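> Provided herewith is a single structure, encoded as structure tokens, for subsequent inquiry.
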Amino acid sequence: MARHSGGQGWYGKVVGAALGVTLLATGASMWTAQAGAADGPSSEAAAPAAPSGTVEKVAATIAHASQAGPHGVNLTIDDGPDPVWTPQVLDVLREYGVKATFCMVGTQAEAHPDLVKKVVAAGHRLCDHTVSHNTAMDKASQTYQSQQILDAERMITKASGGVRPMYYRAPGGAFTPYSRKLAASRGMRPLGWNVDTKDFERPGTEAIVATVRRELPNGPTLLFHDAGGDRTQTVAALKRLLPQLKADGYIFGFPVR
């Protein structure tokens, strides 16, 4: 999720005990500029996930562009999985034939492995969103950053039944050069966003839809959430946006690797 005040955010209270043991760019209207040197080209087939044990070489720069090309849109879903909201998001994605990237918190994946497996089985991709969602981790030691990233990778891979995360998204965008290089060394491309829908703040379905329509020219990667509170507005906004964007000629894809 985007950086909000309050350090660890809502996960701070939920996973405090678990920590003891685990210790953008503005582009042209169709973002052709983003597919250039900053993110790098990708010839990868649109496979949904990476099997355990496979570590593909990826860049350490923060990805924004879409593998779907200049008309591509990357739908990213953060902070889950959640037993109430993730199934509803999956239902909407299935209804409209859209694939997404799920940026999962390690403790949530560990608690709900059935949902992680459902995400993978539906053809979506996984993203490491750390163990405890500490949005101030860019101020923490390299040892802490390593534990947060690698422990979450392990939790998500185990919960998925052996499918590894293909991306790493720092909570609140709190990347560091060290964390980006570490993630890339594990085959996880650092993943940013272009449009923060602000759905986490529950501004209303109309406001979420309006934010996407207004800011989509900034770039293709959209940030939504499927955990952290009542996500009724998120689900409703997705039901409106997905068919609208398809009708406008956009193609839903995955972020570049």
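> Go through region 210-235 and report how many residues are over 23 Å from H112 (Cβ atoms) and open to solvent by 10 Å² or more (accessible area, probe 1.4 Å).
7
> Scan region 87-106 residue by residue and report those that are more than 25 Å from M155 (Cβ to Cβ) and either among the small types (G, A, S) or assigned to a strand (DSSP E or B) (or both).
Selection gives G97 alone.
> Which condition number does Q145 fail, the rest of (1) crowded, with 22+ Cβ neighbours inside 10 Å; (2) out of contact with any strand residue (DSSP E or B) (no Cβ under 9 Å at 6 or more places or on another chain); (3) under 23 Å from Q88 (Cα atoms) being met?
Going through (1) crowded, with 22+ Cβ neighbours inside 10 Å; (2) out of contact with any strand residue (DSSP E or B) (no Cβ under 9 Å at 6 or more places or on another chain); (3) under 23 Å from Q88 (Cα atoms) one by one, Q145 breaks only (3).
> Would region 144-156 turn up any residue that is in contact with a Ser or Thr (Cβ under 9 Å, 6 or more places away or on another chain) and outside any helix (DSSP H, G or I)? Don't jump to the end; show me each part of the working.
First pass over region 144-156, keeping only residues in contact with a Ser or Thr (Cβ under 9 Å, 6 or more places away or on another chain): 145-149, 151-152, 155.
Of the ones still in play, those that are also outside any helix (DSSP H, G or I) are none.
Within region 144-156, not a single residue is in contact with a Ser or Thr (Cβ under 9 Å, 6 or more places away or on another chain) and outside any helix (DSSP H, G or I).
> Within region 152-172, can one find any residue that is hydroxyl-bearing (S, T, Y), out of contact with any strand residue (DSSP E or B) (no Cβ under 7 Å at 6 or more places or on another chain) and open to solvent by 10 Å² or more (accessible area, probe 1.4 Å)? Can you show your working first?
Just the residues of region 152-172 that are hydroxyl-bearing (S, T, Y), to begin with: 157, 160, 167-168.
Going one step further and asking which of them are out of contact with any strand residue (DSSP E or B) (no Cβ under 7 Å at 6 or more places or on another chain), we end up with none.
Checking region 152-172: not a single residue is hydroxyl-bearing (S, T, Y), out of contact with any strand residue (DSSP E or B) (no Cβ under 7 Å at 6 or more places or on another chain) and open to solvent by 10 Å² or more (accessible area, probe 1.4 Å).
The values are calculated or read from the model by the stated rules, or taken from the named source; none is laboratory data. Fair warning: this is a prediction, and the values are worked out from it, not measured in the lab. All Cβ positions, glycine included, derive from the backbone under ideal geometry; neighbour counts span all protein chains shown. With ligands, DNA and RNA removed, areas are computed over all heavy atoms of the protein, side chains included. Shrake-Rupley method; radii C 1.70, N 1.55, O 1.52, S 1.80 Å.
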